[in-house]
Amino acid sequence: MLKYPEQLIIPDRRGGEIARLSGLGSDLNMSSFIDERYSVAQYIGLWKKYPLDMVVITLQHLFNGLDITYPTVYNYNLHSSRVLLSIGNYIMFFIALVILSNKLLDWRSDGKRYPPLVLAMIAPVVVSIPFGIEVRFFLPIIMTYFAISIFSLNDGVRLIRANRLYIYLIVFVVLCFINSANVFSAAKYVIPLTIW
């Protein structure tokens, strides 16, 4: 069994470069801004000075938290297949997005209190985005979109068919794979993709 030689840390190279340009250090292998090296005031200052880069970093952290690549939290064989699991994850996420975008109008018109409930479930997750990301921190969101996808699967498939969203689904999955591959390419050692 091939094992990754050490703990897998995906460096945030964009964040490291911003920190270097701001005179906060030159650690291009950092995984987050909020740790013992940076204060909250410095972090807010980076948002003021580099707002677009910080939005990109935040969205990348959000994606990394939702990108289920392995079936366990502590995976000791990083060379095991992650392709099929990732495809399933991206499809479920797409279905949940389609259902939620359709339901948003219904929630506003029928007076139900679903959005505050969903916001209450994801609020603790949003707080973790500036830190080093692990999928386990995002379990409330992952469980929510899996539940939406599974319990409304017929509605989701019907909406995809009715609106002819097949190409969008394929493009979404491909873009997610490209983004995930880009993230893993920043790791210290190469982790080849395997299907089985």
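The values are calculated or read from the model by the stated rules, or taken from the named source; none is laboratory data. This one's a predicted model, so the numbers in the text were calculated from it and none came from an experiment. Glycine also receives a Cβ, built like all others from the backbone with ideal geometry; neighbour counts cover every protein chain displayed.
Filter region 149-185 for residues that are among the β-branched types (Val, Ile, Thr), under 16 Å from the mean Cα position of the chain (by Cα) and surrounded by 11 or more Cβ atoms within 10 Å (Cβ to Cβ); which is nearest to residue 58 (Cα to Cα)? Step through it out loud before you land on a result.
Within region 149-185, the subset among the β-branched types (Val, Ile, Thr) is 150, 157, 160, 167, 170-171, 173-174, 178, 183.
Adding the requirement that they be under 16 Å from the mean Cα position of the chain (by Cα) leaves 173-174, 178, 183.
Remaining after also requiring surrounded by 11 or more Cβ atoms within 10 Å (Cβ to Cβ): 173-174, 183.
On the way: 173: 20, 174: 21, 183: 14 Å.
Per the stated criteria, the residue is 183.
Is it the case that residue 38 is at pLDDT below 85, part of a helix (DSSP H, G or I) and more than 14 Å from the chain's Cα centre (by Cα)?
Numbers: at pLDDT below 85: yes; part of a helix (DSSP H, G or I): no; more than 14 Å from the chain's Cα centre (by Cα): yes.
It is false that residue 38 is at pLDDT below 85, part of a helix (DSSP H, G or I) and more than 14 Å from the chain's Cα centre (by Cα).
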Pairs please, first residue from region 115-141 and closer than 23 Å to residue 40 by Cα, second anywhere and aromatic (Phe, Trp, Tyr), Cβ atoms under 7 Å, 6+ apart in sequence or on different chains. 125/137; 125/138; 128/137; 130/33; 130/43
Do you know which residues across region 65-117 are among the aromatic types (Phe, Trp, Tyr), surrounded by 12 or more Cβ atoms within 10 Å (Cβ to Cβ) and either at pLDDT below 75 or more than 18 Å from the chain's Cα centre (by Cα) (or both)? 70, 107, 114
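Residue-by-condition table, conditions (1) more than 22 Å from the chain's Cα centre (by Cα); (2) farther than 19 Å from residue 186 by Cβ; (3) at pLDDT below 80; (4) not charged (D, E, K, R):
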| position | (1), (2), (3), (4) |
| --- | --- |
| 21 | yes, no, no, yes |
| 27 | yes, no, yes, no |
| 30 | no, no, yes, yes |
| 42 | yes, yes, no, yes |
| 58 | no, no, no, yes |
